[in-house]
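Written out below as structure tokens is the structure these notes cover.
The values are calculated or read from the model by the stated rules, or taken from the named source; none is laboratory data. Just so it is clear, the model here is predicted, and its values are computed rather than measured. Cβ coordinates were reconstructed from backbone atoms using ideal geometry, including for glycine residues, and neighbour counts include every protein chain displayed. Areas reflect the complete protein model, heavy atoms only, side chains present, ligands, DNA and RNA absent. Shrake-Rupley method; radii C 1.70, N 1.55, O 1.52, S 1.80 Å.
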Amino acid sequence: MRIGILGAGGMADALGTQWARAGHAVMISGRDAARTAGRAAAMTTAAGQASAAGPVEAGSFEEAAAFGDVVMVAVREAGLLDTLRVTGTALRGKPLIDVVNAADIYAYDPARPIARLIADVTGGHVVKAFNLCHVDVWRMTPPVFDGRPLAVPLCGDDEEALAAVRTLVADLGCTPVHGGGLDRATLLEATAAFVIGLWFGGADAQAILPPLAASGAHGRG
């Protein structure tokens with residue numbers, strides 16, 4: 001799979017390196033060409049010889065948007081609109097992975113969902129994913145806690161886009177979980193804002209929920 005990444009920061013580095021290691025072709029992008037090229041070279045070294053797809057490439061936002069069969073949006077919320085606008089029509093109809101969280105988690109506005117904004121501006125098939133964990137979790141090989149692989153909820157409407165993202169989740173050693181349509185991405189964004197606030201406050205956010213066996217009588221699908 002060819003994966004274009006809008007961004008050259010921590011999420012682009014962590015997830016892009018894992019996917020390059022799994023054999024996917026990856027291109028990252030950023031406003032600073034020299035910094036982006038340096039990041040791509042470091043990712044290539046970190047991925048090692050596992051990828052037959054060649055080195056991680058560096059390009060402009062426009063180039064990464066055109067490069068990817070799947071494109072991940074991994075820029076800060078403050079620069080999101082400007083980044084999307086420079087890609088023109090290159091993202092229309094493509095699977096887009098949205099990992100963006102609110103710049104200020106304490107001021108997240110559910111009336112202005114990030115995933116819906118990305119879909120409306122680009123015309124792409126957005127899947128909200130990977131936004132609940134610190135970047136260092138995505139550097140783990142694999143992210144397993146107490147013998148249980150990390151579950152990654154996905155919210156999106158397009159089945160082909162969801163299938164592509166499920167593959168990329170599995171490539172990390174994680175378990176994809178259906179979280180509903182894109183309308184429920186707002187809940188996923190709000191969940192991120194809430195639990196990140198708990199973590200910042202020193203609380204174990206994972207401990208607020210019981211395990212499945214103790215969660216009451218319900219269907220297990």
>> What's the whole-number percent of alpha carbon pairs in the range 88-135 lying beyond 17 angstrom?
In response: 38 percent
> Given 0.36 nm per residue, what is the gain on full extension from Arg85 to Leu187 after removing their alpha carbon distance, in nm?
Replying inline: 34.2 nm
> Tell me, what ³J(HN,Hα) does each residue in the range 116-127 have, in order and in whole Hz, if you take phi through Karplus 6.51 cos²θ - 1.76 cosθ + 1.60 with θ = phi - 60° and put x for Gly and Pro?
Replying inline: 5, 4, 4, 5, 5, 6, 9, x, x, 8, 7, 10
> Using a basic spin-label model with each label point 7 Å from the Cα along Cα→Cβ, how many nm lie between Ala103 and Ala170?
Replying inline: 3.9 nm
> Between Ala42 and Leu209, what is the label-to-label distance in nm when each label sits 7 Å out along the Cα-to-Cβ direction?
Replying inline: 3.2 nm
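Longest exposed-loop-site-free stretch of the chain, with trypsin sites (Lys or Arg not before Pro), DSSP loop and at most 13 other Cβ within 10 Å?
With a cap of 13 other Cβ atoms within 10 Å, the longest stretch comes to 93-219.
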>> Would you work out the Kirkwood radius for the chain? I mean one over the mean of 1/r across all pairs of different Cα atoms, in Å.
In response: 17.7 Å
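Apply 1/(1 + (r/R0)^6) to the Cβ-Cβ distance of His218 and Ala151, taking R0 = 22 Å, and write down the FRET efficiency to the nearest 0.05. Walk me through the intermediate numbers first.
Values: r = 17 Å, r/R0 = 0.76.
E between His218 and Ala151, to the nearest 0.05, is 0.85.
Considering only protein heavy atoms and a probe of 1.4 Å, how much of the accessible area of the range 53-120 is carbon and sulfur, as a whole percent?
Details: 1600 of 3260 Å².
Reported share for carbon and sulfur atoms: 49 percent.
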>> I want the antiparallel fraction of DSSP beta bridges within the chain, as a percent rounded to 5.
In response: 20 percent
>> Restricting to bridges with both residues inside the range 1-76, how much of the DSSP beta-bridge set is antiparallel, in percent to the nearest 5?
In response: 10 percent
> Summing -39500 (n - 2.57) over the DSSP H runs of n ≥ 4 in the chain and dividing by its residue number, what mean residue ellipticity at 222 nm do you reach, to the nearest 500 deg cm²/dmol?
Replying inline: -11000 deg cm²/dmol
> Under a 5 Å amide H to amide H cut-off, with H placed in plane at 1.01 Å, what residues pair with Val26 once short-range neighbours are removed?
Replying inline: Ile3, Glu57
>> Among Ile105, Ile208, Ile97, which one shows the highest mean-square fluctuation when the chain is modelled as a Gaussian network with alpha-carbon springs under 10 Å?
In response: Ile208
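Under the Kirkwood approximation for Rh and a Cα-based Rg, what ratio Rg/Rh is obtained for the range 1-121?
0.98
Suppose we take every Cα in the range 120-215 and form the convex hull; what volume per residue is that in Å³?
Working: hull volume 12.0 nm³, N = 96.
In the range 120-215, the Cα convex hull volume per residue is 125 Å³.
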>> I'd like the Karplus ³J(HN,Hα) series for the range 76-92: coefficients 6.51, -1.76, 1.60, θ = phi - 60°, whole numbers in Hz, and an x wherever there's a Gly or Pro.
In response: 5, 4, 4, x, 4, 4, 4, 5, 5, 5, 6, 7, x, 9, 5, 9, 5
